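Asker: There's a structure below that I have some questions on.
The values are calculated or read from the model by the stated rules, or taken from the named source; none is laboratory data. Computed from a predicted model, the values in this text were never measured in an experiment. For neighbour counting, all protein chains shown are included, and Cβ atoms are generated from backbone atoms with ideal geometry for every residue, glycine included. Each accessible area value is taken on the protein alone, full model and side chains, heavy atoms only, with ligands, DNA and RNA left out. Shrake-Rupley method; radii C 1.70, N 1.55, O 1.52, S 1.80 Å.
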Amino acid sequence: MKLVVCLLLTVFLITVAEAQPTKVPRIGILGSSSISGAERSMAIRAALRELGYIEGQNIFIEEQYRVGTPDRRSRENFAAELVRLKVDVIVVAGGNNVVRAAIDATKTIPIVLMGQGTDPVVAGFVKSLARPGGNVTGLSNFSTHLGGKRLEFFKQAVPKLARVAVLYDPVQPGTARELKDDLPPAARALGLTLQHWAVRNAESFEQVFAALNKERPDGIFYLGAGALMRDHEKRTADLALKSRLPSAFSNMAVVESGGLIGYGADLADSYRRVAIYVDKILKGTNPAELPIEQPTKFKFVVNLKTAKQIGLTIPPNVLARADRVIR
């Protein structure tokens, strides 16, 4: 009798254990409300699907985006909301201010950077790229040579390029260093004169281009750091096209919609790597032990349709070097 009771109890416990629902991990995405932020979110979903994560089945995704003017309080509130929802990982699809909001909100939930900010070591987010420590890891697309290389491709695509208008948001960390230390040596080597044009709000873009149309530089070089600049990349490409000015961006998607050239990290590869970080963390890897990676794959894209619209002939050798030519 006792044996029967034990067997029945064992069967009951196994049945109860099997009936317990498996915990479905939650991924939080913290970023801006820009179109580019939404595109990143879609790309992350696609990359997670490649690893077998199906939203609504074996993973849930919670998103928090700022609305309207990006202020410190809204960033803090959105980060705190993800913590309240008890997400298992927070993916930060934003710059330094968004990263800081996530770090201030939690010291225990793993945070995976998508690489939109400046150097995470200099910013104080991690101890080192090789051994980040704490709960922050991920990607850093920050590199001092990318701007110079983009200038080089710009000069090759536009041989008559001499005066370059650099558009930037002056409040972004790292921008001052890029303008002062990184771009000038490359410009001198290429025989280029850089003209700095600060863009402080959404209304400034038309004002800047009204002034540029009088100054008539030879091209527009766009520094896309910060929500303001990311939100208005396509708008800038449209204004440059309307003004018949060549333009250079780091975001390939902007070249798809009218920019002349783009050079930067291969974003599709970056999204796949972010998904791999999430996968490893969900499987138990400590984020403190996951080195922060920098880009290894880059893309050079040329929009030949834009070139024709502004009356520019791209040298054949430049087109041959492009990873993609939009015709």
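Asker: Could you grab me the full set of residues in segment 278-302 that are assigned to a loop (DSSP other than H, G, I, E, B) and loosely packed, with under 15 Cβ neighbours inside 10 Å?
Answerer: LYS283, GLY284, THR285, ASN286, PRO291, GLN294, THR296, LYS297 - these are the residues of segment 278-302 that are assigned to a loop (DSSP other than H, G, I, E, B) and loosely packed, with under 15 Cβ neighbours inside 10 Å.
Asker: Filter segment 208-222 down to the residues that are over 20 Å from the mean Cα position of the chain (by Cα) and within 27 Å of ASN96 (Cα to Cα), then identify the one that is modelled with the lowest pLDDT.
Answerer: Ranking the candidates gives VAL208 first.
Asker: Can you confirm whether segment 200-212 contains a residue that is in a loop (DSSP other than H, G, I, E, B) and touching a Phe, Trp or Tyr at 6+ places or on another chain (Cβ under 9 Å)?
Answerer: No, segment 200-212 has no match at all.
Asker: Residues being more than 30 Å from ASN58 (Cα to Cα) and touching a Ser or Thr at 6+ places or on another chain (Cβ under 6 Å): count how many of those fall in segment 268-327.
Answerer: Qualifying residue count for the region: 0.
Asker: Then there's this: Output the number of residues of segment 223-248 satisfying the condition of being more than 14 Å from PHE209 (Cβ to Cβ), assigned to a loop (DSSP other than H, G, I, E, B) and open to solvent by 30 Å² or more (accessible area, probe 1.4 Å).
Answerer: Total meeting the criteria: 1.
Asker: Is it true that ALA93 is touching a residue at least 12 places away in the same chain (Cβ under 8 Å), within 27 Å of LEU146 (Cα to Cα) and open to solvent by less than 50 Å² (accessible area, probe 1.4 Å)?
Answerer: Spelling it out, ALA93 is indeed touching a residue at least 12 places away in the same chain (Cβ under 8 Å), within 27 Å of LEU146 (Cα to Cα) and open to solvent by less than 50 Å² (accessible area, probe 1.4 Å).
Asker: Identify, by number, the condition in (1) closer than 30 Å to VAL92 by Cα; (2) touching a residue at least 40 places away in the same chain (Cβ under 8 Å); (3) not aromatic (Phe, Trp, Tyr) that GLU215 doesn't meet.
Answerer: It is condition (1) that GLU215 fails.
Asker: Inspect all residues belonging to segment 118-137 and state whether any of them is open to solvent by less than 30 Å² (accessible area, probe 1.4 Å), among the hydroxyl-bearing types (Ser, Thr, Tyr), modelled with pLDDT of 95 or more and under 16 Å from GLU293 (Cα atoms).
Answerer: yes
Asker: Quick one: ALA275 ticks every box in (1) of a type in the set (A, V, I, L, M); (2) under 15 Å from the mean Cα position of the chain (by Cα); (3) open to solvent by 20 Å² or more (accessible area, probe 1.4 Å); (4) modelled with pLDDT of 95 or more except a single one, so which number is it?
Answerer: Going through the list (1) of a type in the set (A, V, I, L, M); (2) under 15 Å from the mean Cα position of the chain (by Cα); (3) open to solvent by 20 Å² or more (accessible area, probe 1.4 Å); (4) modelled with pLDDT of 95 or more, ALA275 breaks only (3).
Asker: Consider segment 21-38. How many of its residues are open to solvent by 10 Å² or more (accessible area, probe 1.4 Å) and either modelled with pLDDT of 80 or more or within 11 Å of LEU282 (Cβ to Cβ) (or both)?
Answerer: 4
Asker: Considering LEU161, LEU146, which residue is part of a loop (DSSP other than H, G, I, E, B), open to solvent by less than 40 Å² (accessible area, probe 1.4 Å) and in contact (Cβ under 8 Å) with a residue 60 or more places away in the chain?
Answerer: LEU161
Asker: If you don't mind, there's one more thing I want to ask. Scan segment 48-79 for residues that are touching a Ser or Thr at 6+ places or on another chain (Cβ under 9 Å) and modelled with pLDDT of 85 or more and jot them down.
Answerer: ASN58, ILE61, GLU63, ALA79
Asker: Now for a separate question. Suppose we keep only residues that are buried (at least 16 other Cβ atoms within 10 Å of the Cβ) and among the hydrophobic types (A, V, I, L, M, F, W, C) within segment 256-272. Which one would you say is nearest to THR236 (Cα to Cα)?
Answerer: LEU260
Asker: Consider LYS305 carefully, then state whether it is more than 20 Å from ILE29 (Cα to Cα), over 14 Å from the mean Cα position of the chain (by Cα), at pLDDT below 95 and not hydroxyl-bearing (Ser, Thr, Tyr).
Answerer: For LYS305, the condition - more than 20 Å from ILE29 (Cα to Cα), over 14 Å from the mean Cα position of the chain (by Cα), at pLDDT below 95 and not hydroxyl-bearing (Ser, Thr, Tyr) - is not met.
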